[in-house]
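Quick notes on the structure that follows.
The values are calculated or read from the model by the stated rules, or taken from the named source; none is laboratory data. Quick caveat: nothing in here was measured; it's all calculated off a predicted structure. Neighbour counts run over all protein chains shown; Cβ positions are idealised from the backbone, glycine included. Note: accessible area is taken over every heavy atom of the protein model, side chains too, but ligands, DNA and RNA are not part of it. Shrake-Rupley method; radii C 1.70, N 1.55, O 1.52, S 1.80 Å.
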Amino acid sequence: MSENVPVDSSQDALQRMVQALRALPGVGPKSAQRMAFHLLQHDRNGAAVLGQSLLDAVNHIQHCTSCNTFSELDLCKTCSDDRRDAGILCVVETPADQLMVEQTLTYRGLYFVLMGRLSPLDGLGPNEIHLDRLIQRVEQSKEPVREVVLATNFTSEGEATAHYIGEMMKVRGIKVSRIARGVPVGGELEYVDASTLARAMMDRRSVS
C-alpha cells in the first residue's frame, strides 16, 4: 500500500518533489530521492512530461458510468463495444485485474470493477466497493445478464467478496461462476501470467 504523505508547501521545490514521489507504492524516502535527482540531472524534459501527464490524468480520468473502471469518457471503450456479450458480466477488484483478464483474449463479455474488496478491518464494506452500483448495473441492463463471473483474487478478502456477491446474484436468479483455481491461492490477478489466467477463465465453475 502506498504511503499517504502530505506535501508541505513550506518546503523547497526539491523537497516537495521527493515528498510527492513517496506517494507511489513501494517508494520510500531514499528511492524517492534517487528518482528526483535522476530526473533533475538527466531528464528534465521527461520530468516535465511526467508532471503534465499526471496532471492531465487527475483532471480528466473519471469512472465509467457502467462498469466503474477508469475512463476519460462517461462510457469506457469496452462498455461502448457492441461486439461484447452484454449477457455476461465479469466482476474484478481493480482496473489492473480487468486488464489482465482482457490480455488472456478468452473473455468477450463486459465487466464491473469494484475498486476494492470487502475488508471490515480496513473499514471497507459493501458501500465502499460500490455493490449498490453493481446491483443497479445488473438490474437495469438493456440486455438481461445471464451470468456473473466472479474474478476476485484468491485471498481471504477476495473469497469473502466473491461469496457475498454470489449470494446477491443467486437470489436474483442469475447464474454465478467463479474463475478456476489455476490462479494460486493468495495470488493477485495483476501478477498472474496471462496463460494461467486464461485457463482459469475457461475453466470457471458454477457457484452452488
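Other residues with beta-carbon under 11 Å from the beta-carbon of THR94 carry, at +1 per Lys or Arg and -1 per Asp or Glu, a net charge of -3. Our summary gives segment 52-142 a relative contact order of 22 percent, counting only alpha carbon pairs under 8 angstrom and 6 or more residues apart. Helical content of the chain, expressed as a calculated mean residue ellipticity at 222 nm, amounts to -12500 deg cm²/dmol (DSSP H runs of 4 or more residues, -39,500 (n - 2.57) each, divided by residue number, nearest 500).
Determine which lysines satisfy two conditions relative to LYS175: a Cα distance under 19 Å, and not lying fewer than 8 residues away in the same chain. Hits, sequence-local ones excluded: LYS142.
A straight line joining the Cα centroids of segment 69-115 and segment 131-208 runs 13 Å.
Entry note, segment 1-113: relative contact order of 16 percent, from Cα contacts under 8 Å with a spacing of 6+ residues. Under 15 Å of direct C-alpha separation, and excluding same-chain neighbours fewer than eight residues apart, LYS77 reaches these aspartates and glutamates: ASP85, GLU102. Restricting to DSSP loop positions (anything but H, G, I, E, B) with no more than 16 other Cβ atoms inside 10 Å of their own Cβ, which GluC sites (Glu not before Pro) remain in segment 41-138? Listed in order of number, the matching sites are GLU72, GLU128. A 1.4 Å probe run over the protein chains yields, for the chain, 58 Å² of accessible area per residue, whole-number rounding. Using a ≥ b ≥ c from the Cα gyration tensor of segment 60-208 (square roots of the eigenvalues), is it rounded, prolate or oblate, where a/c under 1.5 gives rounded and otherwise the larger of a/b and b/c decides, a/b for prolate? Rounded shape, in that the Cα axes give a/c under 1.5.
Electrostatic bookkeeping for GLY166 treats Lys and Arg as +1 and Asp and Glu as -1; over the other residues with beta carbon under 12 Å from its beta carbon, the sum is +2.
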